[in-house]
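Input: a single structure, listed below in structure tokens.
No lab work stands behind these numbers, since they all come straight from the coordinates. The model shown is predicted, which means the values in this text are computed figures rather than measured ones. As a convention, Cβ positions derive from the backbone with ideal geometry for all residues, glycine included, and neighbour counts pool all protein chains shown.
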């Protein structure tokens, strides 16, 4: 089966010039990440700030260019520079529903803009497609929203406008970067369900970037956990959430507050907090890992199968598996 | 809600409308030709006549009617103010947009040019330029516009720096919008309120600058500007005796500048919800 | 410790007065912990500011009283209030990580704060070192600048600064929002320790019912500036009596149950400049009856120290059953 997206050993380094004189330090924001997503499927990428998940999002949509590896959408590799075809095939939904829509555009202008940029259809056809996209994003009737301005809309409605803009070109890949983290709790489920439905009813694939592991189950098919530029665990979402193998995944899951006061929170290992910087050539999580042994300082683990479609980058995964 | 929340903004707006009206109707409003000498019945030049029924604001050393000069001066004020503001806004806004959006070397070069423009002392520069090109209203306008874009450029650039990180700019980039489209369709309308605010202040500064250049004697000798009136009162040595010659243009200039600032401030209050 | 009696707060907005908080009564005993939860705009941050008598100039206490250890804060002169604010009660504001002065070392900030209340530098240094140990930071960090620290370290430094004069009440407004989940857990654990070991009373504001469930013994659910439901956290969250609490709970994902689908609550909170006639939640409530749209339910105290503002609180058990079905919330949406 042809994949909607395939990423092979993607790398992105930044040179942070911090001193006035002398060279800067090189930051490996993404350090060898590979995955594929089939049409109509969702990959969740979870991690803390600085894990590189946002850089992956920017690479996938062509906002930044990889310093190594290959990214292909619909079988066509992204060349030196994203061309019009690539631009049409990937779209993004952003975290902040207030900043992601031009305050001086009407909803119709915003949703119709990608069509205008790619000179698709007559004005009447563009209008009709924008209305259809709004309908699909559950802003119904779409026609009634076309002439409204963002300040007249709630956060949830703005995020739906952003989603309509993202799907109006019928992209092969949608990248959603923390799309509900700035919305009120009471409207999050609606947006998540909308994204889930849009992907599963179409040929579009989605990458769902989040720091919040508790919401991934309602949108994602697969989950990848990222730590310092690498995937440390990758598998079917419920598998990873209910049978996490990597010590970092376990810590992340244990740290999520449980909305049940009768359940005592799982204590986190002290080493998780106190650990320092990783040693070159070793596992990057080893300094914070309570399961680390001497070998972890010398072997840089790669993803290995740990179950059906489930892989883990930990040399001790067999011993520590639940 | 009245359009002006404060009396000061209303005063500014009324005063400016009055200036525009006077400028348009100047030939019909002014009792005399501002550049034609007046003679009395005996055929003598009416030098420094104090205000009277015939000359409501008296006459100058050269026998010219002060009121007519004052009225025609409003035209110069508007030509200088509006032309300079448009030129400054065009240069400053575009430099700010391009420097802020492209960043990197483009930004460095444009911002060093801006620093340079800040470093040049304005009056000596204008005097030298006008001296080289010859005194005319257009050369004055060019001299003013050539330096005064600097603050607009800086302010617009800083706005663009934050706007270009906003989601809607990224979304347009991802959708494949050209740089031109992002700059002028997405970013420009969002810096427009700030650009307009600076335009209003530029009008005031440009009018003051023209008056300064004229007062120093580098103005257009064929036009009657308020600065020119003050210059002639000074060089003819009558600045101490003929208050009717100096007070009207001085007061008109001050009021004009104050009115522009009041309207600008009011506009800022309306355009920037945080100041409400 | 802290008592809010029938507090109402009105903001003077350009478009007219906005009733941000109406008739809220809350009690926080010595060493207790009270969580205020609700969506944005429900009045929880305004209440926190009122508790510290720090309301912005455009807001005023239109009725009721805020009492700290029996003293009505409204009757105290500003100088006395200022002393109370650091010595008896402390405040960790929203995005406190950014509340530190960027150009001064942490030590300088501790000394400056100390000096403002007549504590000498040597004493401040000693106290700062002890507090840093308390919040599990290396006292050597005192000589660093805020930008050299991570968000979690800044947050803990901010809490340490708030504790400089040993207050007995800490008001924390979304202190973990924007922090990574492991760091958030660290801050929650710290606040819990401060409460249980040092007897600090805690007024905790959050939109995250998970954090409140882990940290607070009591909770008040706010909606449109009113208390919808209050009581012991374990009681309120295991047997919610108010449909809004039920909805919030259903809207909140639980990491232990990935198979459970979460719901949205249809509609938006009411505009506080024009509040609805009846129950503020009625327009969004899947159980609303004509009565709810016409008559405001009053907050009725129950036998187990709980209170609920719902006309149908007596039927809560049946409502809870129906609320478990996601289809109910979907139908409304």
Inset, instruction - Pick out which of B:165, B:210, B:266 has the largest mean-square fluctuation in a Gaussian network model of chain B, springs linking Cα atoms closer than 10 Å. - result: B:165
Inset, instruction - Tell me the Kirkwood hydrodynamic radius of region A:96-200 in angstroms, computed as one over the mean inverse distance between distinct C-alpha pairs. - result: 13.7
Legend entry - Calculated [θ] (222 nm, deg cm²/dmol) that DSSP helices of n ≥ 4 give over the protein assembly as shown, each run adding -39,500 (n - 2.57): -13500 deg cm²/dmol
Legend entry - In degrees, nearest ten, helix C:106-116 long axis to first principal axis of chain C (Cα): 90
Legend entry - Cα-Cα separations in region A:1-141 greater than 21 Å, expressed as whole percent: 57
Legend entry - Range of Cα positions in region A:203-268 per principal axis (Å), largest first: 43, 24, 18
Inset, instruction - Specify the residue with the greatest mean-square fluctuation among C:304, C:125, C:189, computed from a Gaussian network of chain C linking alpha-carbon atoms under 10 Å apart. - result: C:304
Legend entry - Semi-axis lengths (Å, descending) of the ellipsoid that matches the C-alpha gyration tensor of chain B: 43, 22, 13
Legend entry - Translational diffusion coefficient (Stokes-Einstein; Kirkwood radius from C-alpha pairs) of region C:113-181 at 4 °C, 1.567 mPa s, in µm²/s: 100
Inset, instruction - Calculate I(q)/I(0) for region A:210-322 by the Debye formula, one identical point scatterer on each C-alpha and no solvent, and give its log10 at q = 0.10, 0.13, 0.18 Å⁻¹ to two decimals. - result: -0.29, -0.49, -0.93
Legend entry - Convex hull per residue volume in Å³, alpha carbons only, for chain A: 165
Legend entry - Cα principal axis extents for chain C, largest first, Å: 66, 48, 40
Legend entry - For chain C: relative contact order, % (alpha-carbon pairs under 8 angstrom, 6 or more apart): 19
Inset, instruction - Calculate, in whole percent, how much of the Cα-Cα pair population of region C:181-333 lies beyond 21 Å. - result: 49
Inset, instruction - Compute the separation of the alpha-carbon centres of region A:119-141 and region C:221-253 and state it in Å as a whole number. - result: 40
Inset, instruction - Using only Cα atoms, figure out Rg for region B:1-136 and give it as a multiple of 2.2 N^0.38 Å. - result: 1.57
Inset, instruction - Work the Kirkwood hydrodynamic radius out for region B:137-247: mean of 1/r over every pair of different alpha-carbon atoms, inverted, in Å. - result: 17.1
Inset, instruction - Could you tell me what fraction of 2.2 N^0.38 Å the Cα radius of gyration of region B:108-182 comes to, as a two-decimal ratio? - result: 1.58
Inset, instruction - Any chance you could give the angle, 0 to 90 degrees and rounded to 10, that helix B:122-133 forms with the longest Cα principal axis of chain B? - result: 70
Legend entry - region A:116-266: Rg to Rh, with Rh as the Kirkwood radius over Cα pairs: 1.05
Legend entry - Nearest-ten-degree value, helix C:151-162 long axis tilted from longest Cα axis of chain C: 80
Legend entry - Part-to-part distance (alpha-carbon centres) for region C:1-37 and region C:38-114, which is given in Å: 14
Inset, instruction - Find the percent of Cα-Cα distances in region C:1-99 that exceed 20 Å, and round it to a whole number. - result: 38
Inset, instruction - Could you tell me what fraction of 2.2 N^0.38 Å the Cα radius of gyration of region C:97-236 comes to, as a two-decimal ratio? - result: 1.12
Inset, instruction - Could you work out how far the C-alpha centroid of region C:273-321 sits from that of region A:71-87, in angstrom? - result: 55
Inset, instruction - Have a look at the DSSP beta bridges in the protein assembly as shown and tell me what percent are antiparallel, nearest 5. - result: 60
Inset, instruction - Note down the relative contact order for chain A as a percent, whole number, built from C-alpha pairs under 8 angstrom at least six residues apart. - result: 19
Inset, instruction - Give the share of C-alpha pairs in each 10 angstrom bin for the protein assembly as shown, from 0 to the last occupied bin, in whole percents, shortest bins first. - result: 2, 10, 16, 19, 19, 15, 9, 6, 4, 1, 0, 0, 0
Inset, instruction - Starting from 0 in steps of 10 Å, tell me what percent of the Cα-Cα pairs of region C:161-247 lands in each bin. - result: 16, 46, 32, 7, 0
Inset, instruction - Compute the distance in nm between two label points, each set 7 Å from the Cα along the Cα-to-Cβ direction, one at residue A:154 and one at residue A:26. - result: 5.0
